[in-house]
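Written out below as structure tokens is the structure these notes cover.
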Amino acid sequence: MITEERHRRIGELLRHREHVTVDELITECGASGATIRRDLDVLERHGVLRRVHGGARSLVLRGGNPEYRQRELEDHAVKVRIAARVASLLEDRGHVWLDSGTTATEVARQLRHREMTLMPMSLRAVNALADGGPAAGRRPELLLPGGSLTVGELSFRGPMTESNIRSLRFDTAVLTPCALNLRDGLLAHDLDDAAVKRAGLESAGRVIVACSGTKWDASAVALVASLDAVDVLVTDKHLSPEELAQIAQHSVEVVIA
């Protein structure tokens, strides 16, 4: 396994297990003990795990909101597929509001050579859009919302962010909820994030929601909006006929990635 694959595998294991040993990871990843120990040191610095003698412990097993780096390791291939489908739904020369989070960062990577105007809600997305420098060719025009930056997430929050979003009108808002269910709709982990998401979707003519299957029926406390606010839902989840019928009642188009 290459380094990125090992890190993802370690993160996946600690999503479901309280503790893993170095010896178990040597077998799981096909790497040396020295390599695994270096991996654990790196992942600890990024808030993915806690190093203990002979291995590592999970930080998120009991249902806490995982750190950005932990989420970045999880379901990466799924997020890339969802991001590609979202990008295919956006027209060049449009004005797009882009949410924060790991899926939104993947969407930003898909859009970094497109001709459009983007307002991204995180510096991680800004960096993804700027990757490659001036020699990389065509780039979107970026509008930054200002406001406060959250630690770790590097996402914009607060009254200034919300006010600047609401002062503009976007063709499309790309929203990445922390959780989604058919009863409540779109949810976030905290009120500040929910307020920013709500400002984005209320300032756009069309709302695209990008939501991996792991976020369906997940735990989150802050309501963003009902499914009535959504135009297109992009997901990898295999929906039952009953679920599709419920979604159709909200006039939402479903795109399976």
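The values are calculated or read from the model by the stated rules, or taken from the named source; none is laboratory data. As the structure is a prediction and not an experimental result, all values here were calculated from the model. Positions of Cβ are generated from backbone atoms using ideal geometry, with glycine treated the same way; all protein chains shown enter the neighbour counts.
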Only residues in the range 80-100 that are crowded, with 16+ Cβ neighbours inside 10 Å and at pLDDT 95 or above count as the first member; pair them with residues that are of a type in the set (V, I, T) and assigned to a loop (DSSP other than H, G, I, E, B), Cβ under 6 angstrom, at least 6 apart or cross-chain, and list the lot.
D99/T176
For the range 188-207, check the following and say yes or no: at least one residue is without any contact (Cβ under 8 Å) to a residue 12 or more places away in the chain and either hydrophobic (A, V, I, L, M, F, W, C) or outside the structural domain of T102 (by TED's automatic domain parsing) (or both).
no
Do you know which of the residues in the range 47-59 that are out of contact with any strand residue (DSSP E or B) (no Cβ under 6 Å at 6 or more places or on another chain) and without any contact (Cβ under 8 Å) to a residue 24 or more places away in the chain is nearest to E153 (Cα to Cα)?
R51
Filtered residues of the range 102-134 (kept if more than 17 Å from T176 (Cβ to Cβ) and charged (D, E, K, R)):
R112, R114, E115, D131
Residues that are in contact with a His (Cβ under 6 Å, 6 or more places away or on another chain) and surrounded by fewer than 17 Cβ atoms within 10 Å (Cβ to Cβ), drawn from the range 161-206
D171
Looking only at residues in the range 101-125 that are charged (D, E, K, R) and closer than 26 Å to R9 by Cβ, which one is surrounded by the most Cβ atoms within 10 Å (Cβ to Cβ)?
E106
Can you tell me which residue is modelled with the highest pLDDT among those in the range 207-218 that are surrounded by fewer than 21 Cβ atoms within 10 Å (Cβ to Cβ) and in contact with a Leu (Cβ under 9 Å, 6 or more places away or on another chain)?
W216
